[in-house]
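Structure first, commentary second.
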Amino acid sequence: MKKFLISLILLVASTVVMAGNSNPGGLEPVPEPPQLPDPLETGENIEPEVTIIRKEDSVIEEYRINGQLYMVKVTPSFGPVYYIKDIDGDGKMEPTRYELEDPSVPNWVLFTW
């Protein structure tokens with residue numbers, strides 16, 4: 001019985017000591033979650049408008065947000081697909097075909113499905 005009381009006292013004492021340490025292991029507190037963005041107003045587009053133009057030798061897809069053209073995807077009947085994008089938002093489209101980009105950064109398609 002005496003051993004039981006000693007073990008019970010030790011258990012209670014260790015629980016009190018552990019409860020007093022509110023930050024075991026030196027963990028940092030969890031940060032507050034970020035503020036939610038404002039809700040969308042009526043009529044505001046969140047997806048691009050896509051216009052598809054089919055020609056004899058290619059398919060052209062024009063991507064617009066709020067009426068502003070920001071990207072064109074050209075799919076020729078033969079050859080690789082290429083994109084023309086308005087990278088800096090100035091209204092001028094810059095080609096982004098691999099041959100015209102920085103050749104020091106290789107881009108290969110490894111898998112498609």
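The values are calculated or read from the model by the stated rules, or taken from the named source; none is laboratory data. Given the structure is predicted, the values throughout are model-derived calculations rather than measurements. When we count neighbours, we look across all protein chains shown, and the Cβ atoms used for this are built from the backbone with ideal geometry, even at glycine.
Computed quantities for the displayed model
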item	result
Residue in region 59-67 that is at pLDDT below 85, touching a strand residue (DSSP E or B) at 6+ places or on another chain (Cβ under 8 Å) and at negative phi present	yes
Qualifying residues in region 70-90 (those that are at pLDDT 85 or above, surrounded by fewer than 16 Cβ atoms within 10 Å (Cβ to Cβ) and of a type in the set (A, V, I, L, M, F, W, C)) - the one farthest from the chain's Cα centre (by Cα)	Phe78
Glu61 vs. criteria of a type in the set (D, E, K, R), surrounded by 10 or more Cβ atoms within 10 Å (Cβ to Cβ) and more than 22 Å from the chain's Cα centre (by Cα)	yes
Tabulated pairs, region 47-65, first farther than 12 Å from Tyr82 by Cα, second part of a loop (DSSP other than H, G, I, E, B) and not basic (Lys, Arg), C-beta under 7 angstrom, 6+ apart or interchain	Asp57/Ser77; Tyr63/Pro48; Arg64/Pro48; Ile65/Asn45; Ile65/Pro48
